[in-house]
Structures are given as C-alpha cells and as structure tokens.
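The values are calculated or read from the model by the stated rules, or taken from the named source; none is laboratory data. Computed from a predicted structure; not experimentally measured. Here the Cβ is made from the backbone with ideal geometry for all residues, glycine too, and neighbour counts use every protein chain on show. For accessibility, only protein heavy atoms count, side chains too; no ligands or nucleic acids. Shrake-Rupley method; radii C 1.70, N 1.55, O 1.52, S 1.80 Å.
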Amino acid sequence: MSQTAEQHQSLWLLTASPSIWAAHFVLCYASAAIWCEKFAGLGGSLTAVRLAIVVYSVVALTGIGIVGWIGCGRHRFGDAELPHNADTPEDRHRFLGFATLLLSALSGVAVLFVSLVALFFGECY
Amino acid sequence: MTHHLRELCRGIEPPSQRDSGAKRAEVALPGSAVALLPDGHSRIQSALNPAGVEAAGIENLFWWMVAGTTVVWLGVMALTWHSVRTHPESFNRRREAFIIVGCGAILPTVVLSILLVFGLSALPGLVAPAPSGSLKVVVSGEMWWWRVRYEPAEGQPIILANEIHLPVGEPVQFLLESDNVIHSFWIPSLAGKMDLIPGRTTRLAVTPTKTGLFRGVCAEYCGTSHALMKFDVVVEEKEEFNRWLAHQATPAAPPDNPLAQRGEKQFLANGCGACHTVRGTNAAGVVGPDLTHLGSRLSIAAASWPNDSAHLRRWIADSDKIKPGAYMPKFDMLRSDDVNAMAVYLKGLK
Ligand SMILES: [Cu+2]
C-alpha cells in the first residue's frame, strides 16, 4: 500500500483538467480571432470556427473525462469513506483523487460554457 | 487634493454668486445638464431608464441576473442557516451530501447555465450592425472630449463635438475610433458600452425609442480628466433632427453686434484658430473641438459645465482649473474684457 501512495502523491494530475480547460479556451479564442481578422473579415461566416470549436470541445471533454475517471479511481482507493482527512499517505492519495474529480467536473462545465458561444454566433462581428 | 477640489469649485463660480449657498451648490455640480434641466433630470444617465431598443434588452437581462443571483444567494443562505442549526446527533450523511451537492453545485450550475444562455442569445442582436443605409456617426475619443462626424448618405460629412442628436425610432450606426488611448463610449439609457481602441474601428448600433435628453460618458479611464469626458445626447423627432443637422452643416453666421465682432477679432488674433475650427472664418484648426455652432450646444468642455458666457469666460481664462490637464492653454494673460468679448462671440455662434 505504501508503495502506491509513494507513487501517487504527485500534484500533477490535479492540474490536468483546469489546464485542458485553459488550452480549450485559448484555442477557441485564437481560432475565432485569427479566422475573422485574416480570412473571413467583418460579417464573414464563422462556420469553420464553429466546427473547429466542436472538435476542440469533444477532445477537451474526452481528456477531462479520462482525468476525472482516474481521479475517481484514486478517491475510491481501498475502502475508506469521505472525508479523506486522515494523516496517512493513503488518505492523501484519496484526497487528491477526489479533488481531481471535482476539478474535472468544474472544468467540464467550463468547457461547455465556453463552447456555448459557438451556438449563438454565426458570423464575425 | 481637497485643496485642489475647493479651488476647482471656487474657480467656477461667477463672482456674483460667491456668497449664495444654494447657487453655489448648483453651479459646482459637475454635470452641466443636471443644472440645466428643469425636471426629470436625475435619470438621464441611467441604464434602468431605457430609451432605446438595446438598453431595454440590457435592462431585461439585468433583472434576470438579479433574480438568478438572488436564487443562488438564498440557496447559500439556507445552507448556512441549516449548517448552523443542525444538531450533530441528527446528522444524516446522505441528506447532507444531497444538500451540499444540490444547493452548492447543481443549483448554481443550472442557474448560471440559464443566465448564460439568456445573455448569449441577447448578444448577437447587440453587436449586429445597423441595416445598411442607416445614419452613420463617427465618434473619435479625444483627451478629454468627443469629436463627432455625421456622414449623411449624400453631401459632405459634418464635423461637430461633444453633442449628439439622434432621430427617434431609427437605427443609427456609430463607428468608434481613437488615435490616442482607449476610451469607452456609453450612453446608458440607449445602449451598452463599446470601447474606442487606437488602430481599430469598433461599431455600435443604437435605436432610440423615446425622445429626450440623455447623457453619455467615457467609461474607460483615459487620463486626468476622464471623469469630465461626457456628452449630451438629444433624441428628437425626425423633422427636428433634420433641421438641426442642416443647420449644423452651415457655416457660422457673422456676428451682428459690436461686442461679438470684437470677440471674433480677438478669437482670430489670439491664435484660437490654430486649434479650433469656426467654419466661415479663417479658423480651421483641428486640435480642439469644432466651435462653429458652439452657442447652440447644451454645455461646454465635454458636458462638464453649463454653456453661458460666465462659464465660457472662466474656461478661456482658466481651462486647466475647470478641467485639470485639459489640452487647451489658459489665456489668463489676456485682458478680461477681451476674454469677455470672445465669450459673447462664442455664445452667439448659434
Ligand atoms: Cu475617455
């Protein structure tokens, strides 16, 4: 058991979902900005960008889903219940997993909120 | 700072009103239009007093936001109350988890989703261009005033400043520019804000629905006198608007009394024409606001002060006190009767 805890005390996975959310936002923003400025022009069609945003969103949500799944697995590690607040490597492991799961849920909603914009805008303003 | 403010207020009082408390308060009010308006003046700059299609949409959104956030707030308060009142003995894990996840996560997400969809669905309409053929008004943000250029479908563009008239019931296309710093164009009663960004032209379509006087402001900090960078907006019937615009397009009428004639001479002799245009004279400067029909405006110095000869006098002799940092030199070296003549001349440019 201590071997697993040893392996999984890293904080990195915790940052994965919010990072995917951030990357998704920047990609959407940059794609729309460059497309409208360099290609479509004022009043031009946004269809290409909307399709791109759908693809970005599917990829991002898949990534976030996988991270959340892994987080959930760690949260369920062993048979301890919430709250994971014992001062043991195992509970730290579960706690980080649970936090990863919650951040993944938040990031998933955020990605959906960002991509919602593509639903309402059909042209460059 | 306080000292400076006191100076500012004292500086603006015409000498005859020095000791009248009531008058002083009125004159010192920054916001000429307030002092000028007979009644109903308090709501000329309110987004909750919409007089345009766009502002009505924004007001609607505002109330939905208030309602939605009230629901979230009540949820949080109920949770707090519950957590304080619950006895440890009656603690029920499943019920608590349900409350935390329900009120703390799902409810806000649902409410925010509804508000987001509602807000986003309003956006395309707010940023859409006005139909082609609409009246076009180009507004340039200056430090700290507004250059206004009407571009009628036919004929020459008409360059004005600090006051915008609009026909009621018609969409207007504003094109917004700046060659200095970022400003933001906002007429709360008519529409949302739009930034003026150096190197770009931004657009704002506005459809006024009620006649009346409104106030616009610069809504992005742009330097010392940012807070005194305002403008008057007059929404009027189409015929009245056409008459106004046709008149603004004409050159200034030559002054018809000796004092104003002397004022015109002084105006041209003292170099005011290097910065100001008075169409019909040799004054053709473009650094400062066009003054061709200054006398017809509701206020001076970007809606900062009433447009009367007392304030015009103070402005010419002491522009920096009335408007700190203003890019107009003060002409306090001139004889006061010359300044007075210029004020009378300018006030006469109807
Ligand atoms: Cu400004």
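For the stretch A:68-118, a residue qualifies if it is closer than 20 Å to residue B:101 by Cβ and among the aromatic types (Phe, Trp, Tyr), and the qualifying residues are A:69, A:95, A:98, A:113.
The set of residues in the stretch B:148-183 being open to solvent by 10 Å² or more (accessible area, probe 1.4 Å), in a strand (DSSP E or B) and more than 13 Å from residue B:245 (Cα to Cα) consists of B:173, B:175, B:177, B:178. Set side by side, the residues A:58, A:49, A:54 differ, and just one is away from chain B (no Cβ under 14 Å), out of contact with any helix residue (DSSP H, G or I) (no Cβ under 9 Å at 6 or more places or on another chain) and either small (Gly, Ala, Ser) or outside any loop (DSSP other than H, G, I, E, B) (or both), which is A:58.
The set of residues in the stretch B:302-326 that are closer than 21 Å to residue B:226 by Cβ and among the hydroxyl-bearing types (Ser, Thr, Tyr) comprises B:304, B:319. Contact map, the stretch B:274-289: residues that are touching a residue at least 60 places away in the same chain (Cβ under 8 Å) paired with residues that are outside any loop (DSSP other than H, G, I, E, B) and among the charged types (D, E, K, R), Cβ distance under 8 Å, separation 6+ or inter-chain. Pairs shown: B:289/B:147. Hey, can you tell me all the residues within the stretch A:103-125 that are within 12 Å of chain B (Cβ to nearest Cβ), touching a residue at least 24 places away in the same chain (Cβ under 8 Å) and within 14 Å of residue A:18 (Cα to Cα)? Those that are within 12 Å of chain B (Cβ to nearest Cβ), touching a residue at least 24 places away in the same chain (Cβ under 8 Å) and within 14 Å of residue A:18 (Cα to Cα): A:105, A:106, A:108, A:110, A:112, A:114.
For residue B:91, the conditions (1) farther than 30 Å from residue A:108 by Cα; (2) crowded, with 17+ Cβ neighbours inside 10 Å; (3) more than 16 Å from the ligand (Cβ to nearest atom) all hold with the exception of (2). For the stretch B:235-252, the set of residues classified as open to solvent by 40 Å² or more (accessible area, probe 1.4 Å) and either outside any helix (DSSP H, G or I) or within 16 Å of the ligand (Cβ to nearest atom) (or both) consists of B:237, B:250, B:251, listed by residue number.
Scanning the stretch B:87-103 for residues that are away from chain A (no Cβ under 11 Å) and assigned to a helix (DSSP H, G or I) returns B:88, B:89, B:90, B:94, B:95, B:98, B:99, B:102, B:103.
Taking the criterion of being open to solvent by 30 Å² or more (accessible area, probe 1.4 Å) and not in a loop (DSSP other than H, G, I, E, B), the residues of the stretch B:318-334 that qualify are B:320, B:321. Looking only at the stretch A:73-102, filter to residues that are assigned to a helix (DSSP H, G or I), aliphatic (A, V, I, L, M) and farther than 30 Å from residue A:32 by Cβ; which one of those is nearest to the other protein chains (Cβ to nearest Cβ)? Step by step, filter the stretch A:73-102, then rank; the result is A:101. Selection of first residues in the stretch B:314-341 that are aromatic (Phe, Trp, Tyr) and of second residues that are open to solvent by 60 Å² or more (accessible area, probe 1.4 Å) and not in a helix (DSSP H, G or I), restricted to Cβ pairs under 8 Å at least 6 apart or on distinct chains, gives the following pairs, ordered by first then second residue: B:327/B:287. Checked against the criterion of being modelled with pLDDT of 50 or more, over 25 Å from the mean Cα position of the chain (by Cα) and not small (Gly, Ala, Ser), the candidates B:54, B:59, B:96 yield just one match: B:96. Scanning the stretch B:184-226 for residues that are among the aromatic types (Phe, Trp, Tyr) and open to solvent by 50 Å² or more (accessible area, probe 1.4 Å), we see that the one that is nearest to the ligand (Cβ to nearest atom) is B:221. Do we have residue B:302 as within 22 Å of residue B:143 (Cβ to Cβ) and out of contact with any Leu (no Cβ under 9 Å at 6 or more places or on another chain) here? Judged against the criteria, residue B:302 is not a match.
Residues that are farther than 30 Å from residue B:123 by Cβ, open to solvent by 30 Å² or more (accessible area, probe 1.4 Å) and modelled with pLDDT of 95 or more occur at least once in the stretch A:54-68. Reported count of residues in the stretch B:104-147, each being in a loop (DSSP other than H, G, I, E, B), away from the ligand (no atom under 16 Å from the Cβ) and more than 10 Å from chain A (Cβ to nearest Cβ), is 5. Evaluating residue B:232 against the criteria (1) among the charged types (D, E, K, R); (2) open to solvent by less than 10 Å² (accessible area, probe 1.4 Å); (3) over 11 Å from the mean Cα position of the chain (by Cα) leaves one unmet condition, (3). In the stretch B:174-188, the residues that are at negative phi and charged (D, E, K, R) form Cβ pairs under 9 Å with partners that are near the ligand (Cβ under 10 Å from one of its atoms) and assigned to a strand (DSSP E or B), at six or more places apart or across chains, as follows: B:177/B:141; B:177/B:196; B:179/B:141. A search for C-beta distances below 7 Å between a residue of the stretch B:45-72 that is polar (S, T, N, Q) and any residue that is open to solvent by 40 Å² or more (accessible area, probe 1.4 Å), counting only pairs 6+ apart in sequence or on different chains, returns B:49/B:43. So, in the stretch B:253-266, how many residues would count as being open to solvent by 40 Å² or more (accessible area, probe 1.4 Å) and either within 16 Å of the ligand (Cβ to nearest atom) or of a type in the set (A, V, I, L, M, F, W, C) (or both)? The number of residues fulfilling the criteria is 2.
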